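Heads up: the structure comes next, in structure tokens.
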Amino acid sequence: MTAKSPSQLRFTSIRTRLIVFLLMLLLPVLGAIYWFVDRENTLYTDETINSYLNIGADVFDFSREEHKNTLLTISNALTRDWGFRNAFGASDQRTIADAAQTLLTRSFGAADIMIITDMSGQIIVDTSEPGLGSLPPAWIDMLNRAASTGDGVADGILTLNDIPYQMTVIPLFLPTPVAWIIAGFPLDNSFANVIKSSTASDVSIVRYQRQGPGQAVDKEVIASTLPSADLEALAQGLDADIYRETQRIAMSDADYGTLVRSLTGRTDAGEEIVAVIQRSYQENQANLAVLRERLFDFSLAVICISLIAVFILARGFTRPVLQLAGRVQRIERGDYGAALPQEQVRGRDEVAGLAESIDNMALGLAEKEKVRDLLGKVVSREIADELLNNRIELGGEERVVSVLFADIRGFTALSEQQSPSQTLSMLNICLELVCSAIETHGGVVDKFTGDAVMALFGAPIGHQDDTVRAARALLAVQDAMGEVNRQLLADAGNNHPALQLRLGAGLHTGLVVAGNMGSRNRMNYTVIGDAVNLASRLEGLTRYYNVDNVISEASRLALGEQAQQFAWRELDLVRVKGKQAPVRIYELVGLRADLSPAAETELAQFAQALQCYRSRQWDAALDILRALSDIRPMTLYQLYSDRIDELRDTAPADWDGVYAFSTK
């Protein structure tokens, strides 16, 4: 063997070339991109926004404290006013109200309302509009907290006219405590705008209404510096369980960093007022312009280097890959022939090895397709796939299957007018139409027995609507037989009347064993079980009732709601030979949408006759059957008329309406 140089070893393998070149080019680029993005963008933007939010929250808290102190100063000034004290001692309510209103006016907006109550909480003066009739429980709680402190001072966030107010309360001494002075200002849009002017951050006051631990939280934006279009996005985006951590909420113009501070204290149930401080991430985009330029230049360099690398690799990699793609496309179309000259790949690398593997695969697929095609002519395509794709062994599995037996009748009489070859040709035409109708609806032809067909719906491949497919296939087979009869009528000579072929079909749905049956050297995929036997018995009953099909109640029930699409005629309640349990049987008349009004009336009248028959109303049943026979004579009507004549005097007391068959 000839030794290979290190350079040959290095570049002979396309995989090695791809790994070496792409790793050498892309890893440094990707590492640098992530380093720049994480370091310059994430850290800078997030830390900046977080610092802005914390500053805004601190300013909010400071401003609220300053306003509270101002309220206390205003309230203290009122308690020291000599005229106010004299008026209160004299119970001059008008002077008391004037003094409170004058003090509010001089506060220049620092206080918005003032309420004076006695020590029990009864309102003496109320400057709010429209005013309180009595103090709500939360206000009484604040007075109780003030009474429990040493200086009699308390504050809190209270709701007035559905707006949260920052309230303070102090006592009036004459010289003992005789009244409470409550002053407050609203946490409204004006207050939020004042905070925004100091922090450049958007401020919102939000009410949480909690239903209980783990329950949904109703959120209402009470005041905000945000545009009205963003209020709904704020309410939906807020996480009511996050307070100290920054939330990121998508608004109409950009994402906003969001920090929440509780003003009334966290609670698991009830109302909670929170302050929401927000800062737009978009504000920092100008500061990141330099970073964008660097990333753009860097990305441009990456693109140029990658293009050069792709150009170098394309010569040794793209051409053979395209050649192999053409070969694989031919194989996909079913052409398993040898590679064409333009598809041949030469070399010693992995692509050449792949080309050789594709040649071997094409040979194997050609052989398998030949076997599949041969099997497909002997058994159904689905059974052929089952045999080819799975391990072939004796045994089976339980499955719910709809079994259809279809018998073409009339060939005996037809063979008397035709030669054997003509009869066989006609039989093959009929079987071709029957099989086509079955396979079109997803059924599998299991076997042929003379002029009869056994078909499966649910094995070896199952569908959710196998019974619906079976019912539609049965109707399609009946239509196909109609086409055959029309052709026979057209081809009939003058010397022989046209013979008509009829279909006798039995359909039953039940549990079967599906699998390979037979010996180790010769086996057949089929189904066995009581359901198969019953389907065969039902096909035989079509001769007795002289109908095209007989369907068991199990198949009708398996249709579920889809059964309403079809028109049914209940035929009988029978006990077939070999079975003890009675079976209710039906005739599938057709699609309900295609049924004429006269046919619907006929079905309804027969159902009424059947009900009278089972309830021993013999005369009523006979009247209906005779009327139906006058319109359209049927073997079924005559059959029940004969039964009534027989049972009228012989039916035992425990007669249950079941008709037992002693023959198959």
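The values are calculated or read from the model by the stated rules, or taken from the named source; none is laboratory data. Since the structure is predicted, the reported quantities are computational estimates derived from the model, not experimental observations. For neighbour counting, all protein chains shown are included, and Cβ atoms are generated from backbone atoms with ideal geometry for every residue, glycine included. These accessible areas exclude ligands, DNA and RNA; they are computed on the full protein's heavy atoms, side chains included. Shrake-Rupley method; radii C 1.70, N 1.55, O 1.52, S 1.80 Å.
Each row is one residue, and each column tells you yes or no for (1) surrounded by 15 or more Cβ atoms within 10 Å (Cβ to Cβ); (2) within 27 Å of residue 79 (Cα to Cα).
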residue	(1), (2)
164	yes, yes
171	yes, yes
207	yes, no
210	yes, no
216	no, no
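Within the set 155, 255, the sole residue that is under 23 Å from residue 129 (Cα atoms), open to solvent by 50 Å² or more (accessible area, probe 1.4 Å) and modelled with pLDDT of 85 or more turns out to be 155. For the residues 406, 437, the requirement of being touching a helix residue (DSSP H, G or I) at 6+ places or on another chain (Cβ under 8 Å), hydrophobic (A, V, I, L, M, F, W, C) and not in a helix (DSSP H, G or I) singles out 406.
For residue 315, the stated conditions do not hold, so it cannot be described as in a loop (DSSP other than H, G, I, E, B) and either at pLDDT below 75 or within 30 Å of residue 244 (Cα to Cα) (or both). Where residues in segment 608-647 are among the basic types (Lys, Arg) and open to solvent by less than 90 Å² (accessible area, probe 1.4 Å), which of them is nearest to residue 544 (Cα to Cα)? Filtering first and then ranking leaves 643. All of (1) assigned to a strand (DSSP E or B); (2) touching a residue at least 24 places away in the same chain (Cβ under 8 Å); (3) over 24 Å from residue 91 (Cα atoms) hold for residue 219 with one exception: (2).
Consider segment 531-573 and keep the residues that are open to solvent by 10 Å² or more (accessible area, probe 1.4 Å), in contact with a strand residue (DSSP E or B) (Cβ under 8 Å, 6 or more places away or on another chain) and among the polar types (S, T, N, Q). The one that is nearest to residue 507 (Cα to Cα) is 536.
Would you say residue 112 is surrounded by 21 or more Cβ atoms within 10 Å (Cβ to Cβ) and charged (D, E, K, R)? Taking the combined requirement at face value, the residue satisfies it.
Every residue, every condition in (1) modelled with pLDDT under 75; (2) open to solvent by less than 50 Å² (accessible area, probe 1.4 Å); (3) part of a helix (DSSP H, G or I), yes or no:
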residue: 386; (1), (2), (3): yes, no, yes
residue: 425; (1), (2), (3): no, no, yes
residue: 429; (1), (2), (3): no, no, yes
residue: 448; (1), (2), (3): no, no, no
residue: 454; (1), (2), (3): no, yes, no
residue: 471; (1), (2), (3): no, yes, yes
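Select from segment 502-529 the residues that are open to solvent by 50 Å² or more (accessible area, probe 1.4 Å) and closer than 17 Å to residue 661 by Cα and list them in ascending order. If the condition is that a residue be open to solvent by 50 Å² or more (accessible area, probe 1.4 Å) and closer than 17 Å to residue 661 by Cα, then no residue fits. Any chance segment 73-85 includes a residue that's open to solvent by 20 Å² or more (accessible area, probe 1.4 Å), of a type outside the set (Val, Ile, Thr) and within 29 Å of residue 260 (Cα to Cα)? No: zero hits. When restricted to residues that are open to solvent by 10 Å² or more (accessible area, probe 1.4 Å) and either under 13 Å from residue 449 (Cβ atoms) or in contact (Cβ under 8 Å) with a residue 60 or more places away in the chain (or both), segment 401-413 contains 6.
Pairs are defined by a Cβ separation below 7 Å, a sequence spacing of at least 6 or placement on different chains, a first member in segment 527-554 that is among the acidic types (Asp, Glu), and a second member that is crowded, with 20+ Cβ neighbours inside 10 Å and assigned to a helix (DSSP H, G or I); the pairs so defined are 548/542. Considering the conditions (1) surrounded by 15 or more Cβ atoms within 10 Å (Cβ to Cβ); (2) outside any helix (DSSP H, G or I); (3) at pLDDT below 80, residue 488 is excluded by exactly one of them, (2). Determine, yes or no, whether residue 54 is assigned to a helix (DSSP H, G or I) and touching a residue at least 12 places away in the same chain (Cβ under 8 Å). Considered against the rule, which asks whether it is assigned to a helix (DSSP H, G or I) and touching a residue at least 12 places away in the same chain (Cβ under 8 Å), residue 54 comes out as yes. Contact list please: Cβ distance under 8 Å, first residue in segment 584-606 and more than 23 Å from residue 658 (Cα to Cα) and open to solvent by 20 Å² or more (accessible area, probe 1.4 Å), second residue among the acidic types (Asp, Glu) and modelled with pLDDT of 95 or more, pairs at least six apart or on different chains. Matching pairs, first to second residue: none at all. Please tell me if residue 581 is outside any strand (DSSP E or B), exposed (fewer than 13 other Cβ atoms within 10 Å of the Cβ) and under 37 Å from the mean Cα position of the chain (by Cα). It is false that residue 581 is outside any strand (DSSP E or B), exposed (fewer than 13 other Cβ atoms within 10 Å of the Cβ) and under 37 Å from the mean Cα position of the chain (by Cα).
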